[in-house]
Amino acid sequence: MTATSYTRRYDLDWLRVIAFALLIFYHVGMFYVSWDWHVKSQYASTSAEWLMELLNPWRLALLFFISGVALRFAADKMSLSSLLGRRIYRLGLPMVFGMAVIVMPQSYFQMRQAGLIEQGMLHYWQHIYLNFNDPLPLTTPTWNHLWYVIYLLVYSLILTPIYALLKHFSTRINLPSIHQQPIILGLSLLVIIPLPFILFSIFLDPLFPTTHALSDDWANHAHRFTIFLIGFSVAKSSLFWRAISRSWKFWGVGVLALVIWANAMIEGLIPTPSFMSDNLEDSLEVYYAWGVIVTLLGAAQHYLNKPSTILTYLNQAIFPYFILHQTLIISAGYILTQLNLGIWAEFAGVLVITTAGCLLLERIIRYIKPIRPLFGLN
């Protein structure tokens, strides 16, 4: 089944839910790998890093792509003022509340585990976290995982007026015009779309490390805004979605072959080619990420483009889950890792507490009308 531009895209709804769910599980994983994070388990190791590395190149790109598609559909249904107001209300309000309240325990437990504070959480919240001149090596209030929300809001505020202006001077805008040519569209899937990300990886990433600080995160902005713009541009291109539908299995086979080949080199089963370079590795990683996204978009068109009671619930619930999940992970992880439970019992505990906490708190939020907007609900 090929999705059209004029019906509800249940496949993209499902992918949005799946992308957020992967993000939640990824952050559980961050507690257990050796990479720097807010708090760490005493059992942290390199064991699961291979799985995290498989997700890293595409998990956020998929989320920003779908966000761009969603904005395009909204922009074609709503006036500019209504859409901007809705975006500020649905994203800005949870952002401010999240920074002031939800994220606070994350930085508290981070400072406690680092041995930098001894005060209780309430004292920390009132006298340190909300004090913009605090002496700790951590800027507070902070947005931590909510950086996605502020980036999405800023990108929407930039792109929406530009699109409205273009529509004002054109009776029909189709972004971009190459979509009129199926052959060029096919080439764009293979070459044009990955090309800017290859250039960003080679030339910008070494100069601008990712900070999620908004003001100095130029390489990250290049990656995220571009894939957001691509999603916005192709949202209603029937040729694009037809090409996805026809080619996703080939991309899936290519992704699988690339993963097997790369793993064989890492494990020393085959020699690394003499022509391999950092730039080529960056290029292959971009094609891997794009290949996964194309594969998921195509598979979702064929298997997930249908309504579901569960999907109806998750469409609303997933954003509050996202806002809450990292605070639950960090709080549960900080407490449980001190109990010497063993890695699997501790991991199960963190996962159960995070999942149950999201489910329970979302139900409470859903039924208390005054706080619904603080979590992005109508």
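The values are calculated or read from the model by the stated rules, or taken from the named source; none is laboratory data. Note that the structure is a prediction, hence the values are computed from the model and not measured. FYI the Cβ positions are ideal-geometry reconstructions off the backbone, even for glycines, and counts take in every protein chain you see.
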Residue hits (segment 298-316; within 30 Å of Leu360 (Cβ to Cβ) and either surrounded by 19 or more Cβ atoms within 10 Å (Cβ to Cβ) or within 22 Å of the chain's Cα centre (by Cα) (or both)) are Ala300, Leu304, Ile310, Leu311, Thr312, Tyr313, Leu314, Asn315, Gln316
Residue pairs qualifying under the 6 Å Cβ cut-off, at least six apart or on distinct chains, with the first in segment 347-367 being among the charged types (D, E, K, R) and the second being modelled with pLDDT of 95 or more and assigned to a helix (DSSP H, G or I), are Glu362/Ala317; Glu362/Pro320
Residue check for Asp278: modelled with pLDDT under 95, among the acidic types (Asp, Glu) and either more than 30 Å from Ser45 (Cβ to Cβ) or out of contact with any Pro (no Cβ under 6 Å at 6 or more places or on another chain) (or both) = yes
Expected output for segment 113-133 (first residue within 27 Å of Gln42 (Cβ to Cβ), partner assigned to a loop (DSSP other than H, G, I, E, B) and among the charged types (D, E, K, R), Cβ below 7 Å, 6+ apart or cross-chain) is Ile128/Asp134
Being more than 30 Å from His302 (Cβ to Cβ), within 20 Å of the chain's Cα centre (by Cα) and crowded, with 19+ Cβ neighbours inside 10 Å narrows Ala222, Ala213 down to just Ala222
- [ ] Inspect segment 216-232 for any residue being among the polar types (S, T, N, Q) and within 18 Å of Val149 (Cβ to Cβ) and give the result as yes or no.
- [x] yes
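Which ranges mark the helices (runs of 4 or more DSSP H) fully within segment 1-89 that have 1 or more residues being in contact (Cβ under 8 Å) with a residue 40 or more places away in the chain and buried (at least 22 other Cβ atoms within 10 Å of the Cβ)?
10-30, 59-75
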Scanning segment 264-297 for residues that are assigned to a helix (DSSP H, G or I) and of a type in the set (Gly, Ala, Ser), the one surrounded by the most Cβ atoms within 10 Å (Cβ to Cβ) turns out to be Gly291
Taking segment 313-344 and keeping only residues that are assigned to a helix (DSSP H, G or I) and of a type in the set (Gly, Ala, Ser), one is left with Ala317, Ser331, Ala332, Gly333
- [ ] Considering every residue within segment 269-280, establish whether at least one is without any contact (Cβ under 8 Å) to a residue 24 or more places away in the chain and on the phi > 0 side of the Ramachandran plot.
- [x] no
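Yes or no, residue by residue, for (1) of a type in the set (A, V, I, L, M, F, W, C); (2) in a helix (DSSP H, G or I); (3) under 19 Å from the mean Cα position of the chain (by Cα); (4) within 18 Å of Ile330 (Cβ to Cβ):
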| site | (1), (2), (3), (4) |
| --- | --- |
| Tyr108 | no, yes, no, yes |
| Ile117 | yes, no, no, yes |
| Trp125 | yes, yes, no, yes |
| Pro137 | no, no, no, yes |
| Leu157 | yes, yes, yes, no |
| Ile162 | yes, yes, no, no |
